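Reading through the structure tokens given below for one structure.
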Amino acid sequence: MPFTKFDLNPKLLQALTKLGFTTPTPIQQKAIPPLMQGRDVMAAAATGSGKTAAFLLPILHALIEKPRGKTRALILAPTRELAAQIVEHCDALAAHTHLKAAAVYGGVGMEPQVRAFKHGVDIIAACPGRLLDHFQYPYARLDGLEFLVLDEADRMLDMGFLPDVRRILNALPKQRQTMLFSATMPQPIVQLAGEMLKDPAALNIERKSSPAEGIRHAVYPVAEELKKFLLLQLLQRPEAKSVLAFTRTKHRANRLADFLAHNGVPCERIHGNRSQMQRTEAMKGFKSGRYRVMVATDIAARGIDVEALGLVVNFDVPKVPDDYIHRSGRTARAELTGDAFTLVSPAEEGDLRAIERHIGKSFPRHKLEGFDYNHKPAERLEIPIHERIAAIRSRRSDERARSRAKSEYKAGRGTENRPARPASHRSAYAPPTTPEPAHYSRPVAAAHRQPQTNTHQPARDHQPATNTHARPHDRQPATNMHARPHDRQPATNVNRHAAQPQTPAVPAGDLGNRADLRGGFYSIPAAKPEAIFTKYERRGKKPGAPAGKRKPFYTRVHNK
């Protein structure tokens, strides 16, 4: 049955011929006639079965004869890659028409998307989150909407988008034609379809999800630490010209991509931590053949349409059978053939058996000739989960013990077993815990401080300054120590041997009120505290250094 039987616009038939499409796929044969009649459709279709063209062709056919300037069709997709792919397909099918499409998703600037809304682009393919961001503004009101499509509805359910989808439905016109396409039909999707569809044409909704017929499945049992080396050997096979490898986590995707690149394999990665620009460049390079291997998480399991992708490798066995179906569905698209290899470790055998029970057949096991299955690598792709959990528990136990000890210390418990506090925690005025040496420094209360005459003879012939940090009534006029040499005034030479005013002795234990301590400090000999003491007075900041980095220095004055 050719496409001409659907009475499509000649411009669309011209584009189909140019793209090489002559015979519709089974889902296209079932979905296009009711959509051309204006009915709602709910269809279950396998990945790669051609469902994108199944809903795009009737929409384009209806919009060709309508005036422009309004957005009349909205397509919701779960991932950015799928939204961008839908726009690419729409542009290819509408190449000979005036219709335009735009993608709306996060990770990129909003200004081009705002212009698309304001100019009334004909078709918008959007992710729910970014679309709701635009719905906050008046320019994004889609009052002229006539067609709504939910693509990969089961993936939206898995990603938690159903609340966002319901909010979008409430903001759209009630009079519209609605289409729902999904690879699987879980109960929440069937319930959502009952809320948004009116007398829909149900297509293949009882069909059990299964991979495409043209996929050849193979399983390679191998130890976890040898997976990356086995993959390196499998990439030498002739069918491994373009390979899409799936990992369980983003961390493993990064480590595997680095390992392959280190061993000379042109490789790129795509996952949720990559920016939209990085993801777009990676897909462009993979489709053009610049990269031979694309390492991805399940973010790429939906909506990645790479022409003639020969091999899909499940580096990690997926936990859910539907994820395996979508991963392997990246190959053997459009009724072609392809291979899906799965590397399974002993710990993943249970997940693999669940996949085989869901599909209804067992996959053949293979061993690669010439590969050393007894090799003990020095490095592992990642630390096993049980070791990471043990390390986390040990770290948290240590943290609890430290917190408990700190609480006991603050509460004053365990005094007899309490270790001595480090010197860095001791107060500057606390008495030492060890016997006092022959000389040690004690601060002196402000009440005992007497103005001192500087008997120190400076190297240069100028008058030294009195302590500039003393209280205002204790300060003496000071000579500018930072003036240039030719600006300084000669000072009177002080005879250091002349009799000087005596400073009253301060008993070693009499420190006065510690709250009033100011300025310098005294060094008191322990043997004769009343006989001699040496005073150190603060002299400002050291000249010669930048203003913000000058350090204070002290001048020693001998008193008897």
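Restricting to segment 243-258, and then to whatever is touching a strand residue (DSSP E or B) at 6+ places or on another chain (Cβ under 9 Å) and closer than 19 Å to residue 324 by Cα, can you tell me which residue is surrounded by the fewest Cβ atoms within 10 Å (Cβ to Cβ)? Result: 250. In this structure, is residue 408 assigned to a helix (DSSP H, G or I) and over 28 Å from the mean Cα position of the chain (by Cα)? Judged against the criteria, residue 408 is a match. Of all the numbered requirements in (1) closer than 25 Å to residue 262 by Cβ; (2) of a type outside the set (S, T, N, Q); (3) over 31 Å from the mean Cα position of the chain (by Cα); (4) modelled with pLDDT of 90 or more, residue 290 misses one, and that requirement is (3).
It is to be established whether one or more residues within segment 20-30 are buried (at least 23 other Cβ atoms within 10 Å of the Cβ), touching a residue at least 24 places away in the same chain (Cβ under 8 Å) and in the same structural domain as residue 93 (by TED's automatic domain parsing).
Within segment 20-30 (the criterion being buried (at least 23 other Cβ atoms within 10 Å of the Cβ), touching a residue at least 24 places away in the same chain (Cβ under 8 Å) and in the same structural domain as residue 93 (by TED's automatic domain parsing)), the answer is yes, since at least one residue qualifies.
Just to be sure, is residue 21 more than 23 Å from residue 121 (Cα to Cα) and either among the small types (Gly, Ala, Ser) or in contact with a helix residue (DSSP H, G or I) (Cβ under 9 Å, 6 or more places away or on another chain) (or both)? Here the answer is yes, as residue 21 does meet what is asked.
Taking segment 141-229 as the region of interest, none of the strands (runs of 3 or more DSSP E) fully inside it holds 1 or more residues being crowded, with 21+ Cβ neighbours inside 10 Å and at positive phi.
Taken over segment 106-135, the criterion of being touching a helix residue (DSSP H, G or I) at 6+ places or on another chain (Cβ under 6 Å), under 21 Å from residue 274 (Cβ atoms) and without any contact (Cβ under 8 Å) to a residue 24 or more places away in the chain is satisfied by no residue. Within the option set 369, 387, 379, being surrounded by 10 or more Cβ atoms within 10 Å (Cβ to Cβ) and either acidic (Asp, Glu) or modelled with pLDDT of 90 or more (or both) holds for one residue only, 387. Among the residues that make up segment 259-271, is at least one of them acidic (Asp, Glu) and surrounded by fewer than 16 Cβ atoms within 10 Å (Cβ to Cβ)? No, every residue in segment 259-271 fails to be acidic (Asp, Glu) and surrounded by fewer than 16 Cβ atoms within 10 Å (Cβ to Cβ). Residues of segment 84-130 being of a type in the set (Lys, Arg) and surrounded by 18 or more Cβ atoms within 10 Å (Cβ to Cβ), which ones? Answer for segment 84-130, where residues must be of a type in the set (Lys, Arg) and surrounded by 18 or more Cβ atoms within 10 Å (Cβ to Cβ): just 130.
Quick grid of which residues meet (1) under 30 Å from residue 377 (Cβ atoms); (2) over 34 Å from the mean Cα position of the chain (by Cα):
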{"position": "162", "(1), (2)": "no, no"}
{"position": "167", "(1), (2)": "no, no"}
{"position": "173", "(1), (2)": "no, yes"}
{"position": "204", "(1), (2)": "no, yes"}
{"position": "222", "(1), (2)": "yes, no"}
{"position": "229", "(1), (2)": "yes, no"}
{"position": "251", "(1), (2)": "yes, no"}
{"position": "258", "(1), (2)": "yes, no"}
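Each residue in segment 346-395 was checked for being of a type in the set (D, E, K, R), over 35 Å from the mean Cα position of the chain (by Cα) and in a loop (DSSP other than H, G, I, E, B), and 4 pass. Checking every residue in segment 275-287 against the condition of being free of Cβ contacts under 8 Å to residues at least 60 places away in the same chain, on the phi < 0 side of the Ramachandran plot, of a type in the set (Phe, Trp, Tyr) and surrounded by 16 or more Cβ atoms within 10 Å (Cβ to Cβ) gives at least one match.
The values are calculated or read from the model by the stated rules, or taken from the named source; none is laboratory data. Quantities reported herein were computed from a predicted structural model and do not represent experimental measurements. Virtual Cβ from ideal backbone geometry, glycine too; neighbours counted across all protein chains shown.
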